[in-house]
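One structure below.
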Amino acid sequence: MSSRVPMPVLLFDGECGLCNHIVRLMLRADRAGRLRYAPLQGAEAQAYLRAQGLPTADFDSLVFVADWTDPVPGGYALRTDGALAAAAVVGGAWRPVTWLRVLPRGLRDFGYKLVARSRYALFGEYRPTPLPKPAWAERFL
């Protein structure tokens with residue numbers, strides 16, 4: 001029997017201002033450091049996307065990987081399913097967000113796609129700034 005702990009990872013648009021803001025909020029809430037992060041544009045995420053047969057140039061969708069250390073085929077969730085899975089891992093103030101699971105995926109993903117389509121116009125491109133806590137850098141792949 002294995003006592004190995006899964007390593008969940010959230011792949012996000014590393015150039016999106018909104019996406020980076022949400023990642024920082026999640027970092028702040030995840031005091032136990034359970035969730036890891038990687039920009040979709042990065043080498044690690046790109047290799048994962050290729051291995052899973054997922055598009056490597058679609059940065060409008062986030063990808064939640066249930067266990068980065070055991071990349072089984074289909075071991076990921078996209079768009080709102082991924083966002084809700086990440087919220088469940090972080091817990092705390094993000095726990096109520098998981099209640100959105102009661103809404104049909106089609107409805108949730110429709111809203112997600114509307115925000116994704118206009119996120120750069122509304123929130124701009126991410127301008128790199130130092131992380132408030134240098135230790136958070138260890139949570140990025």
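The values are calculated or read from the model by the stated rules, or taken from the named source; none is laboratory data. Note that the structure is a prediction, hence the values are computed from the model and not measured. Reconstructed Cβ throughout: ideal geometry from the backbone, glycine too, with neighbour counts over all protein chains shown. Heavy atoms of the whole protein, side chains included, go into the accessibility calculation; ligands, DNA and RNA do not. Shrake-Rupley method; radii C 1.70, N 1.55, O 1.52, S 1.80 Å.
Brief remarks on what is shown
- Hydrophobic, long helices, defined as DSSP H runs whose alpha-carbon span along the helix axis is 20 Å or greater and whose mean Kyte-Doolittle value is at least -1.0, occur in the chain at 105-123.
- Here the chain has 62 percent of its accessible surface on carbon and sulfur atoms, given a 1.4 Å probe and all protein chains in place.
- Simple rule: put +1 on each Lys or Arg Cβ and -1 on each Asp or Glu Cβ in the chain, find the dipole, and look at A57, G111, P73; the Cα lying farthest toward the positive end is G111.
- Charge-dipole axis of region 96-141 as Lys and Arg at +1 and Asp and Glu at -1 on Cβ define it, positive-most pick from G124, V102, W136: V102
- Shape analysis of the chain yields a ratio of the Cα radius of gyration to the Kirkwood radius, Rg/Rh, of 0.94.
- Per-residue ellipticity at 222 nm, computed for the chain from helices alone with -39500 (n - 2.57) per DSSP H run of at least four residues, works out to -12000 deg cm²/dmol.
- Highest mean first, the peptides 89-96, 16-23 sorted by other C-beta atoms within 10 Å per residue fall in the order 16-23, 89-96.
- Distance between modelled label sites at L107 and F123, nm, 7 Å Cα→Cβ extension: 2.3 nm
- A 1.4 Å probe run over the protein chains yields, for region 1-64, 50 Å² of accessible area per residue, whole-number rounding.
- Cα gyration tensor category, rounded, prolate or oblate, for region 1-48 with a/c compared to 1.5: oblate
- Anisotropy class assigned to region 20-83 is prolate, per the alpha carbon gyration tensor with a/c at or over the 1.5 cut-off and a/b larger than b/c.
- Long-range HN-HN contacts of Q41 with modeled amide H, under 5 Å: G14
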